[in-house]
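The values are calculated or read from the model by the stated rules, or taken from the named source; none is laboratory data. The structure displayed is predicted, hence computed values, not measured ones. In this analysis, Cβ positions are derived from the backbone assuming ideal geometry, glycine residues included, and neighbour counts consider all displayed protein chains.
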Amino acid sequence: DGGITQSPKYLFRKEGQNVTLSCEQNLNHDAMYWYRQDPGQGLRLIYYSQIVNDFQKGDIAEGYSVSREKKESFPLTVTSAQKNPTAFYLCASSISLSSGANVLTFGAGSRLTVL
Amino acid sequence: KNEVEQSPQNLTAQEGEFITINCSYSVGISALHWLQQHPGGGIVSLFMLSSGKKKHGRLIATINIQEKHSSLHITASHPRDSAVYICAARKIGNQFYFGTGTSLTVIP
């Protein structure tokens, strides 16, 4: 079955450590996104990528980095420069179909806790 | 001000009630999505709308492009409908803006 796989589901990090969250999709979607979700707030865009080897900063990119070396993969690194990294992170992908429809698919999320 | 506003923020209903969740947006959009998030955290796409109305089982979604407003209706609500419902507006291009979500609890 096609979908998005995020790993790990839960991650604990000590302050000062970088961590990388994995996002892999087998949907052949061109666009991929990383969002952060905090209680009481809507999803906020960290980074997005429309094509391989290209990505753009979202609204809250500071302290995060990404790469898009393959269409299927869009890993997110949470660096020690991110001041408040404890959050739920969601990866998503989308594609616009010739019919005009737009498909948006999410992974199951990764919950990062900084100790 | 958020580009996408949802109401209500929280909603409690008795099983069997008809439920409406509203979404207003202030930006030009190419499509609007309704999403469902269960307590485990994963998000599922329920509908993608660019005009009119769509129905899937007990769920109905409508959109009024001129008024920049969409509604999600649940008929004959059931406890398993308890979840957070999120409205997402897709701007021209490939960016999305999200409402803060409506937390629905359906009581047996």
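Here are the numbers for this structure:
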read-out	value
Residue in the range B:26-40 that is modelled with pLDDT of 95 or more, over 18 Å from A:Phe106 (Cβ atoms) and away from chain A (no Cβ under 14 Å) present	no
Residue list for the range A:101-115, restricted to those being in contact (Cβ under 8 Å) with a residue 24 or more places away in the chain, outside any strand (DSSP E or B) and either more than 18 Å from B:Gly42 (Cα to Cα) or among the acidic types (Asp, Glu) (or both)	A:Leu115
Lone unmet requirement of (1) of a type in the set (Gly, Ala, Ser); (2) surrounded by 14 or more Cβ atoms within 10 Å (Cβ to Cβ); (3) within 29 Å of A:Trp34 (Cβ to Cβ); (4) in contact (Cβ under 8 Å) with a residue 12 or more places away in the chain for B:Ser71	(3)
Residues of the range B:53-98 classified as part of a strand (DSSP E or B) and within 13 Å of chain A (Cβ to nearest Cβ), total	12
A:Tyr48 aromatic (Phe, Trp, Tyr), within 12 Å of another protein chain (Cβ to nearest Cβ) and farther than 15 Å from A:Gln6 by Cβ	yes
Residue pairs meeting the criteria (Cβ under 8 Å; at least 6 apart or on separate chains; first touching a residue at least 12 places away in the same chain (Cβ under 8 Å) and more than 19 Å from B:Ala89 (Cβ to Cβ), in the range A:23-52; second among the charged types (D, E, K, R) and part of a strand (DSSP E or B))	A:Asp38/A:Arg44; A:Tyr47/A:Lys57; A:Val52/A:Lys70
The lone exception for A:Ser98 - which of (1) part of a strand (DSSP E or B); (2) closer than 19 Å to B:Gln95 by Cα; (3) out of contact with any Asp or Glu (no Cβ under 6 Å at 6 or more places or on another chain) it fails	(1)
Check on A:Gln82, closer than 26 Å to B:Gly99 by Cβ, within 14 Å of chain B (Cβ to nearest Cβ) and either surrounded by 13 or more Cβ atoms within 10 Å (Cβ to Cβ) or of a type outside the set (Phe, Trp, Tyr) (or both)	no
